[in-house]
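Report on the structure given below.
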Amino acid sequence: MGECGGDGSNGGPTHAASASFPVEVYNCAMGSPDCSQCLGREDLGHLCVWSDGCRLRGPLQPMTGTCPAPEIRAIEPLSGPLDGGTLLTIRGRNLGRRLSDVAHGVWIGGVACEPLADRYTVSEEIVCVTGPAAGAFSDVVTVNASKEGRSRERFSYVLPLVHSLEPAMGPKAGGTRITIHGSDLHVGSELQVLLNNTEPCAELVRMDTSITCTVPGGALPAPVPVCVRLERRGCVHGNLSFWYMRNPVITAISPRRSPVSGGRTITVAGERFHMVQNVSMAVHRIGRQPTLCKVLNATLITCPSPGALSNASAPVDFFINGRVYTDEVAVAEELLDSEEAQRGSRFRLDYLPDPQFSTAKREKWIKHHPGEPLTLVIHKEQDSLGLESHEYRVKIGQVACDIQIVSERVIHCSVNESLDTAEGQLPITIQVGNFNQTIATLQLGGSETAIIVSIVICSVLLLLSVVALFVFCTKSRRAERYWQKTLLQMEEMESQIREEIRKGFAELQTDMTDLTKELNRSQGIPFLEYKHFVTRTFFPKCSSLYEERYILPSQTLNSQGSCTVQETHPLLGEWKIPESCRPNMEEGISLFSSLLNNKHFLIVFVHALEQQKDFAVRDRCNLASLLTIALHGKLEYYTSIMKELLVDLIDASAAKNPKLMLRRTESVVEKMLTNWMSICMYSCLRETVGEPFFLLLCAIKQQINKGSIDAITGKARYTLNEEWLLRENIEAKPRNLNVSFQGCGMDSLSVRAMDTDTLTQVKEKILEAFCKNVPYSQWPRAEDVDLEWFASSTQSYILRDLDDTSVVEDGRKKLNTLAHYKIPEGASLAMSLTDKKDNTLGRVKDLDTEKYFHLVLPTDELAETKKSHRQSHRKKVLPEIYLTRLLSTKGTLQKFLDDLFKAILSIREDKPPLAVKYFFDFLEEQAERRGISDPDTLHIWKTNSLPLRFWVNILKNPQFVFDIDKTDHIDACLSVIAQAFIDACSISDLQLGKDSPTNKLLYAKEIPEYRKIVQRYYKQIHDMTPLSEQEMNAHLAEESRKYQNEFNTNVAMAEIYKYAKRYRPQIMTALEANPTARRTQLQHKFELVVALMEDNIYECYSEA
């Protein structure tokens, strides 16, 4: 049931064919829980009256003029300074029908409180600014809206005071943590601490009697006033000042050498260390985690040396009070070299290998009888660390061994207390800094019986050893001969692999150089247009929109043998609806668009849909992509929505396992992030990564084509994927063919093929040679052309995969090859467009393997059982030898893969990745807010948001970027490359063994170096200058402008509306529950959209 009134002030009208005036439908009972909200609807023209609830006022019923007295349920805060300015929040019921009712009716005792218009919520909440008070007092808060309401709590005016500040001095570099003592310092809503009346003190923490903050840097050594300011009024009386002193100076560090494990005590000498509150030590490039130091006095600091990644000399930085130490005198007098000047420090630390120790006789077990004195002699390997006696720690179990003598190579220590005999064995460990080494185990002796038993056991073992030695000697010669033979085979195989890699790389490098020249001469790399890149990336054949409405027109061959194919995606075409429905639907879509551009509505809308159990992951991804298209022209707004949703996602993940965040795409915001990265990284993809990626694809294809390829199974001699490896030694010889393509308008070309190629494979290589400068979508297909061989001036043959001459083996037909037709080197062939497409075979790879084969017959398990054990074992084992071809292919392609990874993980100075910097800074800010300091977690967040979310998707799907043919075999090779990229971005240790999959083993040697590149890339992004919101918004606005009008946003809006219609009740409930949405009447505007759309949209689509 609903009531209706006739002024139409709340949104657009409902449509009616016979109506000539607008009609607004409303329900007084909805959204009006109290009298003030009910009567306040009079401003909207609603005829509502309060009578035990909000009801429609009858035509003769008088208007009730008053409501019950205001009911104040809570006030916040409960105190403020005498100067006023505190934002006082009053919550309750019947707090006025409109702002004018309470504009001058809020008082604290005799002091007025001025309500803020933009913070007023009808009947429910008043936010006002307190006025100044003459003296301290406490009183209730009153609200007068025709009747007076009083709060149960009292608001107190107090006089904050400050007494002292400590410490009163600090270095002018800043970073000193000061504490201001006083009383009533917790009052008010806003606090500032200013030095010299302009510079804010950071990281404020305040309590009732103290304020703690970090002072900024100062310009000159001098005292500056310290102002504690509440509510942006005057300074709290206290007359405080802080002295900026000259910065501490470091003059020397000793010693200057450290074991690679770190932990050696480094003594730092200097001046003015009495002002140092905290200090840490870090090592550039090779250093591990920085270490915390200890201040001994005004001139000495001790620091444990950080651990290092390798043995090298590296610069050292000190951080004093959180600020990096700079030697100002040395910088000013130009005493430092270029690298030192950049860091502002000249100190270095030489890292040497950890010291090595052993017992005097290098034994691993030392016997000791309890009660006897114990003295250990420890041998030390020669090193250059220059360790002193106090730097060694020797322990036997948990008992310290007293060091008595230390020389260059020998350490003597003794134990004066009794050892615990409960365990029977105690480890002997020696420690230098962080380095620990267990050099032996001390075995505590027992009774004489144990000694006798030991002797018997040793005698038995000796006898068994003699027998084993005799058996070993009888077989040693046979084993030696077998080993020598195996060694020769291994050396021969290694030589063959090395020669194959060298030859293959030389050939491929020559071919790729020619390809690069051709790219420069021709139209270049076949990039897809931006709009096709977006539709393929956003809707990768998984959304309902794509499946229902994606249309590919049939290919029509032109006279040049090429065909034109234009992708027709619904988002790229017109919005097809009948003209009779267009006015109402366009008005509804326009109003719906304005709602989606309201942040409060869109956030509530997304959350409401995600809470529905039947809103599947597929729907979430589809909705996210549609929202991206709909808001593509306002990327700044889209980014703000994505960030707000991400904050909610981070809050949910931080409460569980933060390392799992963004690992998958299971929510709307995760797909929105994928799309955002795709838009922002498109320029980098096209201008920086595109060429090395395309060259890698060409290199993979050419390397695969250099060997035999089974047309039915797809397995090849050269590949990166073990599952696609042809584990047979098929000898293939190259054939250079002179081919002409009738109707192509080009001269004949020399095309290189293999004599094991089927005729379809030969056609594909010929088409690639003739059409290499044309996008793949415009190529004719192999089934569209005929291939004719001119054997002589009078004889010619049409070459096909299957014909009457095909050979039959084991009941299966073998596909015809160049070798089958005995086509010689330099043969003349002609290719022409066929008049009638031959579809009798279909795709070769889909042929029934029970009837056809190409290079290898399928394994017949029944026949295998009839063979001898030795033959079957040979069949099973020998194919593993061909795994070495994976290494050959990898070595040939290595340079192209390195170039691609370098392009992805490098930063161009002329075009830095602004979006990546902005988003990584956002992640770091969110982690800091939640107290997440684990660097591994941040690394995982960054990896999940860019490399794994965007780059891996591109590496696996080059057809998203280029107009090319991605075969199943190239797809398998790209999966191996993508796995290597994933492993490079991971921080977990690779636990690899002989049973590990080859796609992980193949690049295991390169992964550590790739990981360094990834770490360096993240470091470079971190060191970039932060972007302000204005700079990022300008960049996003430019991206929106470049690709404006590429998509039909009305189609996207109509698809989004389908979800709004399906979950209409849930969305309305969520809007009603949201105070902001309720205050801005968003639920009514949404109802207007439904009223405009629901009677027409499905009917119109069915007519279309």
Using a basic spin-label model with each label point 7 Å from the Cα along Cα→Cβ, how many nm lie between THR326 and GLN289? 2.9 nm
Explain nothing, just compute: Karplus ³J(HN,Hα) = 6.51 cos²θ - 1.76 cosθ + 1.60, θ = phi - 60°, for every residue of the stretch 303-310 in order, whole Hz, x for Gly and Pro. 9, x, 5, x, x, 10, 7, 7
Mind checking the full-extension length gain between GLU199 and THR474? Use 0.36 nm per residue of separation minus the Cα-Cα distance, one decimal, nm. 90.1 nm
Heavy atoms only, 1.4 Å probe, whole protein assembly: order LEU1027, LEU946, LEU990 by accessible area, highest first. LEU990, LEU1027, LEU946
Long-range amide H contacts for ASN434: which residues qualify at under 5 Å (H placed 1.01 Å from N, peptide plane, sequence gap of 5 or more or a different chain)? GLY262, GLY263, ARG264
From the phi of every residue in the stretch 825-832, what ³J(HN,Hα) in whole Hz does the Karplus formula 6.51 cos²θ - 1.76 cosθ + 1.60 yield, where θ is phi - 60° and glycine or proline is x? 4, x, 5, 9, 10, 10, 10, 9
Taking the highest mean first, how do the peptides 226-239, 923-936 order by number of other beta carbon atoms within 10 angstrom per residue? 226-239, 923-936
Of the listed peptides 146-159, 619-632, what is their order by residue-averaged count of other C-beta atoms within 10 Å, with the highest listed first? 619-632, 146-159
At 7 Å along the Cα-to-beta-carbon direction for both SER796 and SER183, put a label point, then send me their distance in nm to one decimal. 11.2 nm
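Where does each of PHE853, PHE137 land when they are ordered by accessible area, with a 1.4 Å probe and the largest first?
Greatest to least solvent exposure: PHE137, PHE853.
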At a 1.4 Å probe radius, carbon and sulfur cover how many percent of the accessible area of the stretch 357-444? 45 percent
With all protein chains present, the stretch 249-328 has a carbon and sulfur share of its accessible area (1.4 Å probe) in percent of 54 percent
At R0 = 51 Å the Cβ-Cβ FRET efficiency linking ARG1041 and ASP402, nearest 0.05, sits at 0.10
If R0 is 60 Å, what FRET efficiency do you get for ASP910 and GLN1081 from their C-beta distance, rounded to 0.05? 0.75
Label-to-label distance, nm, for residues given as LEU857 and HIS379 (7 Å Cα→Cβ offset): 6.6 nm
DSSP beta bridge pairing in the stretch 357-444, given as percent antiparallel to the nearest 5: 90 percent
1/(1 + (r/R0)^6) with r = Cβ-Cβ of ASN297 and ASP350, R0 = 35 Å, i.e. FRET efficiency to nearest 0.05, evaluates to 0.80
How much accessible area does ILE577 have with a 1.4 Å probe, in Å² rounded to the nearest 10? 10 Å²
Distance between the stretch 614-633 and the stretch 1044-1078 - C-alpha centres, whole angstrom: 11 Å
Accessible area of the stretch 161-245 divided out per residue, in Å², using a probe of 1.4 angstrom: 47 Å²
Diffing the stretch 705-715: the Karplus 3J(HN,Hα) column from phi (6.51, -1.76, 1.60, θ = phi - 60°), in whole Hz with x for Gly and Pro, holds 6, 6, x, 6, 10, 6, 5, 8, 7, x, 6
Provide the packing ranking of 394-402, 696-704, i.e. peptides ordered by the mean count of other C-beta atoms within 10 Å per residue, highest first. 696-704, 394-402
Tell me, what is the 1.4 Å probe accessible area of ASP118, in Å² to the nearest 10? 130 Å²
Label point 7 Å out from LYS1019 along Cα-to-Cβ: which residues of the stretch 977-1009 have amide N under 15 Å? 1009
Nearest-10 value in Å² for the accessible area of GLU328, using the 1.4 Å probe: 90 Å²
Leaving ligands, DNA and RNA out of it, report the carbon-plus-sulfur percent of the accessible area of the stretch 161-245 at a 1.4 Å probe. 55 percent
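The values are calculated or read from the model by the stated rules, or taken from the named source; none is laboratory data. Since this is a predicted model, take the numbers as computed values, not measurements. For neighbour counting, all protein chains shown are included, and Cβ atoms are generated from backbone atoms with ideal geometry for every residue, glycine included. Side chains included, ligands, DNA and RNA excluded: accessible areas come from the protein's heavy atoms. Shrake-Rupley method; radii C 1.70, N 1.55, O 1.52, S 1.80 Å.
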